[in-house]
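Working notes for the structure below.
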Amino acid sequence: MWYKATDKLNSYVRVVMLDFSKAFDLINHHLLLDKLQSYGLPAHILRWMATFLLDRTQRVKIGNEYSHSGHPNGGVPQGTLSGPKCFLVYINDLRTTVPLYKYVDDSTLFEICDRNDVSVIQESVDIAARWTEQNDMKINSEKSKEIIISFAQDGNFRSTIPNIKIDGRDIAQVCHAKLLGVTISQDLTWNKHVDNIVKKAGKRLYMLYQLKRAGITQKDLVSVYVSVVRPVLEYACPVWHTNLPQYLSDNIEVIQKRALKCIFPGLGYAEILRRVNLDTLNVRRDSICQKYFDKIKVGTHRLNYLLPDKRHIKYNVRQQNVYPLPVTRTNRFRNSFIPWALYNCQ
């Protein structure tokens, strides 16, 4: 969506990532129960939820010593199945005038702007701030961030955009920020994200080395790599893989090479892949993207709306595309996931 928006001349995107202070700990029990009631929960379920939330006690144990018991007057117990669901119910009535995406305690607003128009995202941030006041919560202005995605030729354009304010305080305009585990950059490149996942996966290789020293079998070491290290390198790859330049793809591949050569010293990389029946990470990411696109094509998928309307095919022609191919102005948009999939996966 952001790739498509910035494919147009003079368009830019403002992305605001709100941070709720101690989100799970500040939930007002009585407000939560009122909201549950407004959604039509039966009385006996409400009573059960009330006993779950109210009059709880908690204390800390260190060794054989216990602290005095405390009586929390808000929040939901973390580590429970119902805790996150209670939080989702609590914030479900948070609405803004610009698109707002909520994932547990991560809330992200964005606005697609034209350079000649007036931005209205501050109004939506004000709405969110008022909602938090009315619901006994608080937005942390110091941890909230804004990214301005723009490809304007004017290098000073971002500096002309006024900062978003929360409670009179400016929130920082940053070059990159982590959103649900993916590092988003203001130029929609993935250097910073790849750097982060390579460092994280590299640290996990230490465990592999230690297990090898402990005498773990090669088969089990491969299983450890596949289950513990490789997922770090593939997390959310449909978001970033299709726009990845070769040198960044090579940087990621280095981690798999190091892991497998640790397990099978003296063998070449291609030979190890054949022996353990693994693909290169680039091939795997292509496959993951293909499979994800196949899921999106199902009409009930939540991202199906991103696809163009199917073509009306009058004749049964072999290899005819079901969806029309998008017209793109820039390679940046052309190589983003949906256009890439429409060109390569139909």
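The values are calculated or read from the model by the stated rules, or taken from the named source; none is laboratory data. Just so it is clear, the model here is predicted, and its values are computed rather than measured. In this analysis, Cβ positions are derived from the backbone assuming ideal geometry, glycine residues included, and neighbour counts consider all displayed protein chains.
Assess whether LEU260 counts as being in contact with a helix residue (DSSP H, G or I) (Cβ under 9 Å, 6 or more places away or on another chain), modelled with pLDDT of 95 or more, hydrophobic (A, V, I, L, M, F, W, C) and part of a loop (DSSP other than H, G, I, E, B). No, not satisfied.
Pairing each residue of the stretch 183-212 that is touching a residue at least 60 places away in the same chain (Cβ under 8 Å) with any residue that is assigned to a helix (DSSP H, G or I), provided the two are 6+ apart or on different chains, yields C-beta distances under 8 Å for ILE184/HIS193; LEU188/TRP2; LEU188/TYR3; LEU188/ASN243; LEU188/ARG332. Do we have CYS289 as within 21 Å of LEU248 (Cα to Cα) and not aliphatic (A, V, I, L, M) here? When the stated conditions are applied, CYS289 passes them. The helices (runs of 4 or more DSSP H) found wholly in the stretch 181-245 and carrying at least 1 residues that are more than 19 Å from LYS4 (Cα to Cα) and within 14 Å of the chain's Cα centre (by Cα) occupy 191-213, 230-234. The one condition from (1) crowded, with 17+ Cβ neighbours inside 10 Å; (2) over 21 Å from LEU180 (Cα atoms) that THR280 does not meet is (1). Just one of the numbered conditions (1) loosely packed, with under 13 Cβ neighbours inside 10 Å; (2) touching a residue at least 40 places away in the same chain (Cβ under 8 Å); (3) of a type in the set (Val, Ile, Thr) is not true of ILE288: (1). Residues in the stretch 185-219 that are charged (D, E, K, R) and touching a Leu at 6+ places or on another chain (Cβ under 8 Å): LYS212 alone. Within the stretch 2-30, no residue that is without any contact (Cβ under 8 Å) to a residue 60 or more places away in the chain and among the small types (Gly, Ala, Ser) sits with its Cβ atom under 6 Å from a residue that is in a helix (DSSP H, G or I) and surrounded by fewer than 18 Cβ atoms within 10 Å (Cβ to Cβ) at 6+ positions apart or across chains. Of all residues in the stretch 62-82, none are in contact with a Pro (Cβ under 7 Å, 6 or more places away or on another chain), surrounded by fewer than 17 Cβ atoms within 10 Å (Cβ to Cβ) and either assigned by TED's automatic domain parsing to the domain that holds LYS145 or not in a strand (DSSP E or B) (or both). VAL254 passes all but one of (1) over 23 Å from the mean Cα position of the chain (by Cα); (2) of a type in the set (A, V, I, L, M, F, W, C); (3) crowded, with 19+ Cβ neighbours inside 10 Å; which number fails? Going through the list (1) over 23 Å from the mean Cα position of the chain (by Cα); (2) of a type in the set (A, V, I, L, M, F, W, C); (3) crowded, with 19+ Cβ neighbours inside 10 Å, VAL254 breaks only (3). If a residue has to be surrounded by fewer than 17 Cβ atoms within 10 Å (Cβ to Cβ) and in contact with a Lys or Arg (Cβ under 6 Å, 6 or more places away or on another chain) to count, how many in the stretch 140-182 make the cut? So the answer is 2.
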